[in-house]
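Input: a single structure, listed below in structure tokens.
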Amino acid sequence: MNGPEIHVEFDPELLLFVPQARPAGTLKTATDGMSTLGHVVESLGVPLTEVGALLVDGREVPVSHVPQAGEGVTVRKVAHPQQVPGAPLRFLLDVHLGTLARRLRLLGVDTAYEATDIGDPALASRSAAERRVMLSRDRGLLRRRELWAGAFVYSTRPEEQLAYVLDRFRPELRPWTRCTQCNGLLREATKEEVADQLKGGTHRTYDVFAQCTECGRAYWRGAHHEQLEAIVERAVAMRAQLG
């Protein structure tokens, strides 16, 4: 681009994507006089999934706006909570977010997860076909036009990742209702129904079980239950505080 020059100011959270704008949070860039503002912002490194309001000289404009010479552009981050079209709210996570996927499922949030790398085109197509919000740290994936909706996961720490998703999307939580392995719904089960999955000590010690209606996996309050309970309690408390 070597046409009209515009001045762009970014929300501080978006500077992760635009290192050339640091530390002031602003930069000047040339446009070609034909590309949309959405295209210009993406060319600077910011996926549109992370962009909230776009302001030109103080007035809000759509991503289809074509910048003119001398315009001052403000790029805001997505407002929280983010409103996603369609219902219910469902997610799709890529291969790098396995722990986050399990924690969302633990909280009863409908969360699809690909344990192998099926490629960006397939992930984007599944997001569109199933109307799922794509969660990823892959900026290229989040730029794909086929996505139903998407969000960049800023942290590499599962605790912070979960907190961010809860804050940004405010999903309804129904803990202990989904299989952390396959995302299927759980039902109450008798010991006899899951006996083939129980070792001797477990068979003698526990009497309350649940079973996945999809993959058949059995669940009970085993050695790791207190750790899982703590994750659930923190998440539920945070969700209640967010409103």
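Brief remarks follow.
- Candidate lysines - alpha carbon under 29 Å from LYS28, same-chain residues fewer than 8 apart omitted: LYS77
- Measuring how big the chain is from its alpha-carbon positions, Rg and Dmax come out at 22.0, 76 Å.
- Beyond 26 Å, the tail of the calculated P(r) for the range 1-119 holds 36 percent of the Cα pairs.
- For the range 92-202, relative contact order (Cα pairs under 8 Å, six or more residues apart, normalised by length) works out to 30 percent.
- Our note on the geometry: Cα centres of the range 5-65 and the range 78-113, 27 Å apart.
- Estimated from helices alone, the mean residue ellipticity of the chain at 222 nm is -8000 deg cm²/dmol (sum of -39500 (n - 2.57) over DSSP H runs with n ≥ 4, per residue).
- Here the accessible area of the chain is 50 percent carbon and sulfur, with a 1.4 angstrom probe and all protein chains present.
- 0 to 90° range, to nearest 10: angle between helix 225-242 axis and the chain longest Cα axis: 40 degrees
- In the context of the full set of protein chains, residues of the chain present 52 Å² of accessible surface per residue (probe radius 1.4 Å, heavy atoms only).
The values are calculated or read from the model by the stated rules, or taken from the named source; none is laboratory data. What you see is a predicted model; the values in this text were computed from it and never measured. SASA here: full protein model, heavy atoms, side chains in, ligands and nucleic acids out. Shrake-Rupley method; radii C 1.70, N 1.55, O 1.52, S 1.80 Å.
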